[in-house]
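Asker: Below is a structure I'd like to ask you about.
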Amino acid sequence: MVEKNLSGTAEKEFRNGVSNDDAKKALELLLKWIGENPQREGLKETPKRVLKAYKEWFAGYNQNPVEILSKTFEEIDGYREMISLKDVGFHSFCEHHFAPIIGKVHIGYIPNKKVVGLSKLARLIEMYARRLQVQEKMTAEIGNTLQNHLDCLGVGVVVEAEHHCMCSRGIKKQGSLMKTSHFTGIFLDNSDKKNEFMRSIS
């Protein structure tokens, strides 16, 4: 939102009730806090660049899963076998330390009368990744959203990611991957279907 003065010219831009100017000042304070000079040449435009980057990195807060999954297709001739998509890369941020989470997502689902375009699965992943996240929560969010909006017979989601809050600070264990999974419907009740999904993403 852009606030205008009496002459009609733009004065301040706001996002979620916070002006860009206030956000830039907060970033300048952080630069001072770490021991930097926010007025030196290399950093003078940094707060502005960071705000621009944050709009992209956290765009998921302004997206709606209902809209992403709104277009479905029912002409599938009774298809009820698994559909899987593997190795969908994502980049997110840990809500505990603001550190990057970088990894990939695998999705499998068994449709019940309707399917969704393949790119919509990737867009759903991207929407949840572009928010502050906990990997366990993100895994469940992707699976539950797909289950609820497509009324699938079952959904399987596996997420593998490297957490920079662990590999670049604290215990500093580079290359360690966290793996989480979430299953619904037939994947919970039928071990053969669950194993089929796990084989398809291995």
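Asker: Give the range 172-199 a look and list any residue that's among the charged types (D, E, K, R) and touching a residue at least 60 places away in the same chain (Cβ under 8 Å), or say none. Even if it seems obvious, please write down each step before you answer.
Answerer: Within the range 172-199, the first condition is being among the charged types (D, E, K, R), and the residues that meet it are 172-173, 179, 189, 192-194, 196, 199.
Correct list: K193, E196.
Asker: Going by the structure shown, is D87 on the phi > 0 side of the Ramachandran plot, outside the structural domain of S19 (by TED's automatic domain parsing), touching a His at 6+ places or on another chain (Cβ under 9 Å) and exposed (fewer than 11 other Cβ atoms within 10 Å of the Cβ)? Give the steps one after another, and end with the answer.
Answerer: On the way: on the phi > 0 side of the Ramachandran plot: yes; outside the structural domain of S19 (by TED's automatic domain parsing): yes; touching a His at 6+ places or on another chain (Cβ under 9 Å): yes; exposed (fewer than 11 other Cβ atoms within 10 Å of the Cβ): yes.
So D87 passes the test.
Asker: Filter the range 76-92 down to the residues that are of a type outside the set (S, T, Y) and in a strand (DSSP E or B) and list them by number.
Answerer: Start the filter on the range 76-92 by keeping residues that are of a type outside the set (S, T, Y), which leaves 76-78, 80-83, 85-91.
Matches in the range 76-92: I83, L85, K86, D87, V88, G89, F90, H91.
Asker: Out of (1) in contact (Cβ under 8 Å) with a residue 60 or more places away in the chain; (2) surrounded by fewer than 18 Cβ atoms within 10 Å (Cβ to Cβ); (3) assigned to a helix (DSSP H, G or I), the odd one out for R169 is which?
Answerer: Only one criterion in (1) in contact (Cβ under 8 Å) with a residue 60 or more places away in the chain; (2) surrounded by fewer than 18 Cβ atoms within 10 Å (Cβ to Cβ); (3) assigned to a helix (DSSP H, G or I) is unmet by R169, namely (3).
Asker: Taking the condition of being without any contact (Cβ under 8 Å) to a residue 60 or more places away in the chain and not in a loop (DSSP other than H, G, I, E, B), how many residues in the range 93-122 meet it?
Answerer: Adding up the residues that qualify gives 12.
Asker: From I142, I110, which residue is buried (at least 18 other Cβ atoms within 10 Å of the Cβ), closer than 21 Å to E67 by Cβ and modelled with pLDDT of 95 or more? Before the answer, list the steps.
Answerer: Details: I110 fails: closer than 21 Å to E67 by Cβ.
Criteria check complete, one pass: I142.
Asker: With the structure loaded, tell me whether K104 is basic (K, R) and either under 30 Å from V158 (Cα atoms) or in the same structural domain as H182 (by TED's automatic domain parsing) (or both) or whether it fails that test.
Answerer: yes
Asker: With the requirement that a residue be within 23 Å of Q147 (Cα to Cα) and hydrophobic (A, V, I, L, M, F, W, C), what does the range 162-202 give you?
Answerer: The answer is F183, I186, F187, L188, F197, M198, I201.
Asker: Looking at the range 1-50, which of the residues that are under 22 Å from Y61 (Cβ atoms) and part of a loop (DSSP other than H, G, I, E, B) is modelled with the lowest pLDDT?
Answerer: Among residues in the range 1-50 that are under 22 Å from Y61 (Cβ atoms) and part of a loop (DSSP other than H, G, I, E, B), the one modelled with the lowest pLDDT is M1.
Asker: Same structure again: Please determine whether any residue of the range 148-159 is assigned by TED's automatic domain parsing to the domain that holds T184, more than 28 Å from S191 (Cα to Cα) and of a type in the set (A, V, I, L, M, F, W, C).
Answerer: No, the conditions are met nowhere in the range 148-159.
The values are calculated or read from the model by the stated rules, or taken from the named source; none is laboratory data. Quick caveat: nothing in here was measured; it's all calculated off a predicted structure. Here the Cβ is made from the backbone with ideal geometry for all residues, glycine too, and neighbour counts use every protein chain on show.
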